[in-house]
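Report on the following structure.
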């Protein structure tokens, strides 16, 4: 069974991915590491505790990591996820006075180096923690089993600039370190995330199931009480619930849901209008050595059905 550390900045889409990951018996989540991104790292850590608790994994180790990118300042996404990071969901921190270990990078290194080739990283956030691990331990990249990261765009536009995705834009230097590290990499970018959402019918099923995790996801977007609110989060209610991180979990569970190509990926660090862009070579014309498995298409309906079924099943009475 594959063993994962999940690096996360919850985040509504992180919550959807974590609920699924913590519900499956197809792989084992051994720890969560937190990082700035959607919200401040302290808020991300509190949200991780909430998610682990409602998912029935209160014992799961949670390690706090980087509070800022390698260069520059954070770009939070509270305008999307609301100040608490998990939308309208009101759930108490099960241990608000907990002092989460703040050495996530060192613990990530220890876990990977103690079991070379056995631990995978699923990175749902800016890649700062992972880049620091690679820089601090030169053998990390060759010792990690694989890194599945959410971010980037090959054949589609960005979501924070015309060309950059949020997780890469939030720390382009870290992303470039990881992508050029030689570690086995899979890019789960906007090419697939943009095509995936939970439809209104999926959301209704989650609510009607009375699954605690399912209802939590619904409450995050204000369902059903604020479902008709056309001011905040309108696209989550009309187009469906966009959960960009979920395809990372789906890929770990079933690669057959995706179209994948091994391609050359580089991160633009200096462009006035293109900083944070993942430059993906779609042909061999430029002779770049392929370094990343890039996901280009997704069976969105199959993934949405599977996520909904897993969350409902996990919350069903014994």
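Nothing in this text is a laboratory measurement; each read-out follows from the coordinates by a stated rule. A quick note: this is a predicted structure, and the numbers were derived from the prediction, not measured. Note that each Cβ is placed from the backbone with ideal geometry, even for glycine, and that neighbours are counted across all protein chains shown.
Spacing of the modelled spin labels on residue 269 and residue 142, each 7 Å from Cα toward Cβ, amounts to 2.3 nm. Centre-to-centre, using Cα atoms only, segment 2-26 and segment 52-90 are separated by 12 Å. Ellipticity at 222 nm from helices only: DSSP H runs of n ≥ 4 in the chain, each -39500 (n - 2.57), divided by the residue count, give -10000 deg cm²/dmol. Please check which bits of segment 23-47 a label hung off residue 3 would reach, taking the label as a point 7 Å along Cα-to-C-beta and the cut-off as backbone N under 14 Å. 27-32, by backbone N distance to the label point. Debye-formula intensities of segment 2-314, expressed as log10 I(q)/I(0) at q = 0.11, 0.14 Å⁻¹, are -0.61, -1.02 (one equal scatterer per alpha-carbon, no solvent).
Spacing of the modelled spin labels on residue 279 and residue 67, each 7 Å from Cα toward Cβ, amounts to 3.5 nm.
At a Förster radius of 30 Å, what calculated FRET efficiency corresponds to the Cβ-Cβ distance of residue 161 and residue 261, to the nearest 0.05? The computed FRET efficiency comes out at 0.80.
Under 15 Å from a point 7 Å along the Cα-to-Cβ line of residue 239: which residues of segment 263-300 have their amide N that close? Answer for segment 263-300: none.
Of all DSSP beta bridges confined to segment 2-314, the antiparallel ones make up roughly 35%. Using Cα atoms only, what is the angle between the long axis of helix 104-114 and the major principal axis of the chain, expressed in degrees (0 to 90) to the nearest 10? For helix 104-114, the angle is close to 70 degrees.
Given the Cα-Cα distance of residue 228 and residue 106 and 0.36 nm per residue of separation, how much length would full extension add, in nm?
Stretched out fully, the residue 228 to residue 106 stretch lengthens by 39.3 nm.
Note on residue 59/residue 208: beta-carbon distance plugged into 1/(1 + (r/R0)^6) with R0 of 25 Å gives a FRET efficiency of 0.25. For helix 12-21, report the angle its Cα long axis makes with the longest principal axis of the Cα atoms of the chain; keep it between 0 and 90° and round to the nearest 10°. Here the helix axis deviates by roughly 90 degrees. More than 27 Å apart: what percent of Cα pairs in segment 171-316 qualify? Result for the distance tail: 36 percent.
Annotation: extensible slack from residue 180 through residue 95 equals 26.8 nm (criterion: 0.36 nm per residue apart, minus Cα-Cα distance). What angle do you read, to the nearest 10 degrees and between 0 and 90, between the alpha-carbon axis of helix 300-314 and the longest principal axis of the chain? Between helix and principal axis, roughly 50 degrees.
For segment 43-123, the gyration tensor built on C-alpha atoms gives an oblate shape. Its axis ratio a/c (a ≥ b ≥ c) is at least 1.5, and a/b is not larger than b/c.
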